[in-house]
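Student: Please read through the structure below; I'll follow up with questions.
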Amino acid sequence: MQEVAATVTTVLAANDEKVKLYRTGGEEFNVLFPGYDLASTKVIVRQVFEAVNHLVVKYEDEEINVSISVGVSTLHQADGSPIDLYNRVDQNLYFSKRHGWMRVTVE
């Protein structure tokens, strides 16, 4: 988990220090893009996706190939609270997981 977080943090820092990674539990992380519209996130999301999906983590005598699935969304005027955005992102993430893993689902 530490290697994944470090890889994502490095990609984000190379692009924009305002973009932040948060661990939301277990194996799930969120990245917040303050001031970005959905289209503007695409380049950074793709860089994160590629970097993590090429990551190999060594554990004892084993090498583990890491992969991620991604869900992306943006705030809507109809959102009543931040949880509305979070739920939409989570739905997109689970769509990615159910439809082949190693994919990015954008609302």
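Student: Among the residues of the range 11-29, write down those that are aromatic (Phe, Trp, Tyr) and surrounded by fewer than 16 Cβ atoms within 10 Å (Cβ to Cβ). Show your work before the answer.
Tutor: Quick first cut of the range 11-29, residues aromatic (Phe, Trp, Tyr) only: 22, 29.
If the condition is that a residue be aromatic (Phe, Trp, Tyr) and surrounded by fewer than 16 Cβ atoms within 10 Å (Cβ to Cβ), then Tyr22 is the only one that fits.
Student: Looking at the range 30-48 only, could you name the residues that are in contact with a Ser or Thr (Cβ under 9 Å, 6 or more places away or on another chain) and either among the basic types (Lys, Arg) or open to solvent by less than 80 Å² (accessible area, probe 1.4 Å) (or both)?
Tutor: Within the range 30-48, Asn30, Val31, Phe33, Tyr36, Leu38, Thr41, Val48 meet the criteria.
Student: Counting just the residues of the range 66-87 that are open to solvent by less than 40 Å² (accessible area, probe 1.4 Å) and not hydroxyl-bearing (Ser, Thr, Tyr), which one comes out farthest from the chain's Cα centre (by Cα)?
Tutor: As a first pass, look at the range 66-87 and keep what is open to solvent by less than 40 Å² (accessible area, probe 1.4 Å): 66, 68-73, 79, 85.
Adding the requirement that they be not hydroxyl-bearing (Ser, Thr, Tyr) leaves 66, 68, 70-72, 79, 85.
Working: Val66: 13, Ile68: 8, Val70: 5, Gly71: 7, Val72: 8, Asp79: 21, Leu85: 14 Å.
Among residues in the range 66-87 that are open to solvent by less than 40 Å² (accessible area, probe 1.4 Å) and not hydroxyl-bearing (Ser, Thr, Tyr), the one farthest from the chain's Cα centre (by Cα) is Asp79.
The values are calculated or read from the model by the stated rules, or taken from the named source; none is laboratory data. Small disclaimer: the values here were computed from a predicted structure and weren't measured. Quick reminder, even Gly has a Cβ in these numbers, built from the backbone with ideal geometry, and neighbours come from all protein chains shown. Surface areas here come from the heavy atoms of the whole protein model, side chains and all, with no ligands, DNA or RNA. Shrake-Rupley method; radii C 1.70, N 1.55, O 1.52, S 1.80 Å.
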